[in-house]
1. If I stretch the segment between residue 62 and residue 29 completely, what's the gain in nm (0.36 nm per residue apart, minus their alpha carbon distance), one decimal?
2. Count the DSSP beta bridges whose two residues both fall in the chain, then state the antiparallel fraction as a percent rounded to the nearest 5.
3. Would you mind checking the tilt of helix 3-23 against the longest principal axis of the Cα atoms of the chain, expressed as 0 to 90 degrees and rounded to 10?
4. Could you please state, rounded to a whole Å, how far the C-alpha centre of the stretch 1-35 is from the C-alpha centre of the stretch 43-60?
5. In deg cm²/dmol and to the nearest 500, what is the mean residue ellipticity at 222 nm of the chain if only DSSP H runs of at least 4 residues count, each as -39500 (n - 2.57), divided by the residue total?
6. Go ahead and run the numbers for FRET between residue 4 and residue 50, Cβ-Cβ distance against an R0 of 35 Å, rounding to 0.05.
7. Can you tell me the relative contact order of the stretch 3-96? Whole percent, Cα pairs under 8 Å, sequence separation 6 or more.
8. Measure nothing but the geometry: give the 0 to 90° angle between the long axis through the Cα atoms of 53-63 and the longest principal axis through the Cα atoms of the chain, rounded to 10°.
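FYI, it's all coordinate maths here, none of it is from the lab. On a predicted model such as this, the values are computed, not experimentally measured, just so you know. Note that we place each Cβ from the backbone using ideal geometry, even for glycine, and neighbour counts take in every protein chain shown.
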């Protein structure tokens, strides 16, 4: 693996994060730039909100992306959108608890 290419991949990911931070409201709970061992020169970005579906819906509008939901076996629902920023794949997501039985 060429370390210069690996560093360039991280830089591309961080440049894309800068673009995301300039447009996302609310601000995310966390952002991670990943360069997986099996593809170290292909960054991906993981963007998280803590239990905030309205925030994720706002992001979907700004990013022009569709939301998808997936129920989990523990009753929670994983909501996400996928897009690209500067050619870097981005997944934005939140995880919601199961609704109370009384709702």
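1. Details: separation 33, 0.36 × 33 = 11.88 nm, distance 1.75 nm.
Full extension of this stretch gives 10.1 nm more.
2. Details: 18 of 23 bridges.
The answer is about 80 percent antiparallel.
3. Around 40 degrees separate the two axes.
4. Here the answer is 15 Å between Cα centres.
5. Working: 2 runs with 32 residues, N = 103.
Computed ellipticity for the chain at 222 nm equals -10500 deg cm²/dmol.
6. Numbers: r = 36 Å, r/R0 = 1.03.
Computed FRET efficiency for residue 4 and residue 50: 0.45.
7. On the way: 165 pairs, mean separation 25.8, N = 94.
For the stretch 3-96, the relative contact order is 27 percent.
8. Result, in degrees: 40.
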